[in-house]
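Report on the following structure.
A short reminder: the numbers here are calculations on the coordinates, not readings from a lab. Every value quoted in this text rests on a predicted model; they were computed, and no experiment measured them. Here the Cβ positions follow ideal geometry from the backbone for every residue, glycine too, while neighbour counts run over all protein chains shown.
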Amino acid sequence: MDTVTTEKLIELDYIPDGLLDASPQSLHSILPQPCLIHLAGKSSSTLFVSVLLHGNEPTGLLAVQALLKKYQQQQLPRSLSLFFGNTEAASHGLRRLDQQADFNRIWPGTPIEECRETRMAAKIVDAMKTRELFASIDIHNNTGLNPHYACITSLEPEFLQLATLFGRFVVYFTRPQGVQSGCFAKLCPAVTLECGRPDQRYGVEHALDFLESCLHLAQFPTHPVHHQDIDLFHTVAQVKIKDNIQFSFSDPDADLLLSTDLEQLNFNEVSAGTVIGTITNSIELPLVAVDEHGQDVSEQFFSIEKNQLIISRTTMPSMLTLNEKVIQQDCLCYLMERLAI
């Protein structure tokens, strides 16, 4: 694939012709580089929204297009800054291109080495620091079977209020580092929206309703969220398959043959002893689980018994998917525990 990425950022104060009707695949012809668009509203308090940080997650783009069409003939209730991320990967229907950094791992605070993408992200943050920020919203899809939920990196009341405006399922996390919502949490209430699979229309409608609510919200309630209005979870580990392990959902000769009903475990409390795969060519754990402090906790959660890969303690997974490419580029899953407020 002969493509070249660059850190160049387009910054505009208008909507380019064709943007409102472009498909995720054709958007790259209109925005050949990542683009930050600033639109003035009645209130200068600015809502920042990022879409297409992953090119195969189009719900954010579709929701923003619907929002902008609604306000073509009227002024926005508040100023809106929109970041259109990896349009190049979107043109190929991919999360990212092989030579690119993940657009949701490049933000200030990232542990990855400086590169074109991290410099671009720093430029965006610098630009947004000059504005009166109301809130930040990063819109994503899942490839696996997951409910809609919001992710936050702070448990302050305004973050919880923003998250529950989307729904009662809320995930608190501190890793991975370098994500958009973690970076903007230092500037304003920030949330990541997980809007289900990319082919589900309801995800677009849900994200659109949320954006509308944020445009009209005067301020965030200062009182705590009532415990009956939230199911709050804490991400305690990220699980990856080791680089030297060949895995598959269908090849019986792979080092690790994963269960084909794996994604049914998402947001379900999984008991100790649950089998998630079969080991063929390794006597060591093929997975590595890292907690929020960067410590290897693999043996706390997984074991091998009679060539079967076992979950060894009660936990709740999220983001499990049957998409092998996504697993390679990101991770197998996250592990969560319920958190009281």
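The label-point distance for residue 29 and residue 199, in a model that sets each label 7 Å from Cα toward Cβ, rounds to 2.4 nm. When the chain is treated as a Gaussian network with alpha carbon springs shorter than 10 Å, the biggest mean-square fluctuation among 17, 199, 261 belongs to 17. Residue by residue, the stretch 312-321 carries 3J(HN,Hα) couplings of 9, 8, 4, 7, 10, x, 9, 6, 4, 9 Hz when phi is fed to the Karplus relation 6.51 cos²θ - 1.76 cosθ + 1.60 (θ = phi - 60°); x denotes Gly or Pro. Between residue 229 and residue 280, the FRET efficiency from the beta-carbon distance, with R0 = 41 Å, is close to 0.30.
Derived scalar couplings between HN and Hα for the stretch 42-49 equal 4, 9, 6, 5, 9, 8, 9, 10 Hz in order, rounded to whole Hz, by the Karplus curve 6.51 cos²θ - 1.76 cosθ + 1.60 (θ = phi - 60°), x for Gly and Pro.
Here the spin labels are modelled as points 7 Å beyond Cα on the Cα-Cβ line, and at residue 269 and residue 219 they lie 3.9 nm apart. Is the stretch 1-152 rounded, prolate or oblate when judged by the Cα gyration tensor, a ≥ b ≥ c being the square roots of its eigenvalues, rounded requiring a/c under 1.5 and prolate requiring a/b larger than b/c? Taking the square roots of the gyration eigenvalues as a ≥ b ≥ c, the stretch 1-152 is rounded.
Amide H contacts of residue 231: 169, 170, each under 5 Å away and 5 or more positions distant or on a separate chain (H built 1.01 Å from N in the peptide plane; Pro and chain starts excluded). Scoring 248-254, 298-304, 39-45 by mean Cβ neighbours within 10 Å over their residues and listing the highest first yields 298-304, 39-45, 248-254.
Here the stretch 43-66 and the stretch 123-171 have alpha carbon centers that stand 12 Å from each other. In the chain, the DSSP beta bridges split such that about 55 percent are antiparallel, to the nearest 5.
Taking a ≥ b ≥ c as the square roots of the Cα gyration tensor eigenvalues, the stretch 164-311 comes out prolate, since a/c reaches at least 1.5 and a/b is larger than b/c. Note on the chain: with a GNM built from Cα contacts shorter than 10 Å, the maximum mean-square fluctuation among 217, 80, 258 falls on 217. Across the stretch 325-332, coupling constants 3J(HN,Hα) worked out from phi with the 6.51/-1.76/1.60 Karplus curve, θ = phi - 60°, read 5, 5, 4, 5, 7, 10, 6, 6 Hz, and Gly and Pro carry x.
Classify the stretch 72-122 from the C-alpha gyration tensor, please: rounded if a/c falls under 1.5, else prolate or oblate depending on whether a/b exceeds b/c. List each step's numbers first, then the result.
Values: a/c = 3.83, a/b = 1.61, b/c = 2.37.
Oblate, since a/c reaches 1.5 and b/c is not below a/b.
The alpha-carbon of residue 8 sits under 23 angstrom from the alpha-carbons of these lysines, leaving out residues fewer than 8 places away in its chain: 123, 129. The structure-derived value of Cα extents along the principal axes in Å appears in the list (1) 61, 43, 37; (2) 65, 52, 35; (3) 61, 60, 39 under the label (2).
Compactness of the stretch 236-335 is given as radius of gyration and Dmax, 12.2, 35 Å, from Cα positions. Mean separation of Cα pairs under 8 Å and 6+ residues apart, divided by the residue count of the chain: what relative contact order is that in percent? Value for the chain: 15 percent.
Among 104, 142, 244, the largest mean-square fluctuation in a Gaussian network model of the chain (Cα springs under 10 Å) belongs to 244.
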